[in-house]
Every structure is written in C-alpha cells, then in structure tokens.
1. Write out the cysteines belonging to chain B for which the nearest other cysteine Cβ is not under 4.7 Å, or none if no such cysteine exists.
2. Over the Cα atoms of chain B, each weighted equally, I'd like the Debye log10 I(q)/I(0) at q = 0.11, 0.12, 0.13, 0.14 Å⁻¹, rounded to two decimals.
3. Give the Rg (one decimal place) followed by the Dmax (whole number) of the stretch A:54-111, computed from C-alpha coordinates and expressed in Å.
4. Compute the distribution of all C-alpha to C-alpha distances in the stretch A:7-67, in bins of 10 Å from 0, and list the percent of pairs in each, rounded to whole numbers.
5. Name the residues whose placed amide hydrogens come within less than 5 Å of the amide hydrogen of residue A:88, ignoring near sequence neighbours (fewer than 5 apart) on the same chain.
6. Evaluate the relative contact order of chain A (contact order divided by residue number), counting alpha-carbon pairs under 8 angstrom at least 6 apart; express in whole percent.
7. Please work out the FRET efficiency for the pair residue B:55 and residue A:7, using the Cβ-Cβ distance as r and a Förster radius of 45 Å; give the result to the nearest 0.05.
8. Percent relative contact order of chain B, based on C-alpha pairs within less than 8 angstrom and at least six residues apart?
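Rule-based calculations on the coordinates, nothing more; no lab input. Fair warning: this is a prediction, and the values are worked out from it, not measured in the lab. All Cβ positions, even for glycine, are placed from backbone atoms using ideal geometry, and neighbour counts span all protein chains on display.
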Amino acid sequence: DAGVIQSPRHEVTEMGQEVTLRCKPISGHDYLFWYRQTMMRGLELLIYFNNNVPIDDSGMPEDRFSAKMPNASFSTLKIQPSEPRDSAVYFCASSSGYEQYFGPGTRLTVT
Amino acid sequence: RKEVEQDPGPFNVPEGATVAFNCTYSNSASQSFFWYRQDCRKEPKLLMSVYSSGNEDGRFTAQLNRASQYISLLIRDSKLSDSATYLCVVFTGGGNKLTFGTGTQLKVEL
C-alpha cells in the first residue's frame with residue numbers, strides 16, 4: 001500500500017514568493033496533520049483536519065500560512081508570501097487511530 | 001514549561017551497550033504515550049506504544065510512571081542501526097492530536 005505522499009520533496013524559493021505544499025493521505029484515514037520541523041523548535045503541529053474539516057489551527061504561525069483539504073485524498077499548505085524563517089521540513093501525516101503515518105516531508109528553503 | 005521534555009543528547013554508546021532515555025510530560029491528564037524513531041533526514045515512525053504495565057519488543061523496553069509523569073525507553077545490546085533520534089510522544093485528548101518531544105539523539109559506535 002502507498003504511504004502518505006508529499007510533493008514536492010524539495011523546494012527552493014525566493015522571499016516573497018508563494019509556496020504550495022501538497023499531501024495525499026493514506027486511503028481510509030480520517031485525520032490529516034501538517035507539521036513543521038526545525039532544529040531549534042523540533043516538530044510543531046501547524047493544523048489538523050478530521051474528515052476534511054479543520055479542527056485546530058492554533059499552531060499556524062501567522063496569516064501567511066493557510067491550509068485546505070478539499071477532499072479526503074488531498075490537502076495543501078500554502079505560504080504567501082514566504083520568508084527565510086519559513087525554511088524547514090514540512091511533514092504531512094495521516095491516521096485513523098493514535099498511530100500517525102508520516103510522509104517523507106518537503107524540505108523548504110526560502111532565500 | 002514544555003509539554004514534553006527530553007534530553008537532546010547525543011548519547012554516544014558502543015555497540016552492545018545498554019542505553020536508557022527518559023522523557024517527562026507536564027499534563028497529568030495525558031492518556032497515551034509512544035516512542036517514535038526518526039532517522040536522519042527521514043520522517044518519524046512509530047517505534048512502540050507505552051503501557052502502564054510496561055512493555056517489551058525485542059531489545060526495546062518502554063515504561064510509564066504516571067505518578068512521576070515520566071516515560072522511559074531502554075535499548076539493550078545496541079546495534080549500529082539503532083542510531084537515530086528517539087521522539088517521546090504524548091496524547092492528551094482532543095481529536096488524535098499528539099504532542100512530540102524534541103527528541104534524544106543516539107549514536108551507536110563500533
């Protein structure tokens with residue numbers, strides 16, 4: 001079975017540009033999570049969805065970040081405009097119980 | 001105070017050694033506990049759940065002490081392939097939201 005799929009795997013962009021990260025969760029999972037990981041702050045939960053509905057977005061750092069889940073098999077995380085401090089690895093994870101299955105991550109570099 | 005705290009390490013141990021990590025959590029209402037493993041530049045993966053009675057999976061033993069609010073992971077007979085970052089994870093309720101510690105880095109050396 002395919003695991004969680006994320007694209008792109010690497011993204012390098014200039015400050016001020018819009019960045020869109022994509023995630024396809026595991027089929028049948030009803031929870032989807034977006035995390036950001038940096039050396040300084042570790043793994044931080046940004047937002048999570050249940051049955052495509054955003055439940056908790058308190059981890060979204062500011063209005064420049066937005067996330068959508070238009071259907072059960074697709075979610076996006078958008079940063080507009082991007083800033084150098086957004087450079088991190090962004091993980092998407094899905095679950096149907098406590099165990100969360102992570103995608104390979106998108107390594108974002110904003111110059 | 002952080003919700004989940006871990007010693008970042010690194011713990012450098014020789015192959016075959018026994019090593020233990022501890023993790024403390026701040027919310028006494030926390031319900032479930034896990035250890036995840038993250039290899040360098042990879043995604044986190046579930047290593048094992050932690051039960052009140054303690055549980056063992058091969059060379060790995062996890063323990064929970066609710067009274068002191070800490071969780072431990074013991075690795076016996078360390079292998080080079082055990083080198084990774086070990087994340088302590090707590091479920092406190094509210095959807096399936098998990099809180100991750102910042103991880104403890106283990107390096108097993110020849």
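1. So far as the 4.7 Å Cβ criterion goes, B:40 stand without a partner in chain B.
2. These q points yield log10 I(q)/I(0) values of -0.32, -0.38, -0.44, -0.51.
3. Both quantities, over Cα of the stretch A:54-111: 12.6, 38 Å.
4. It works out to 18, 48, 31, 3, in whole percents.
5. A:108
6. Relative contact order of chain A: 37 percent.
7. Values: r = 37 Å, r/R0 = 0.81.
Using R0 = 45 Å, I get an efficiency of 0.80.
8. Values: 275 pairs, mean separation 40.9, N = 110.
Taking the mean separation of contacting Cα pairs over the length of chain B, I get 37 percent.
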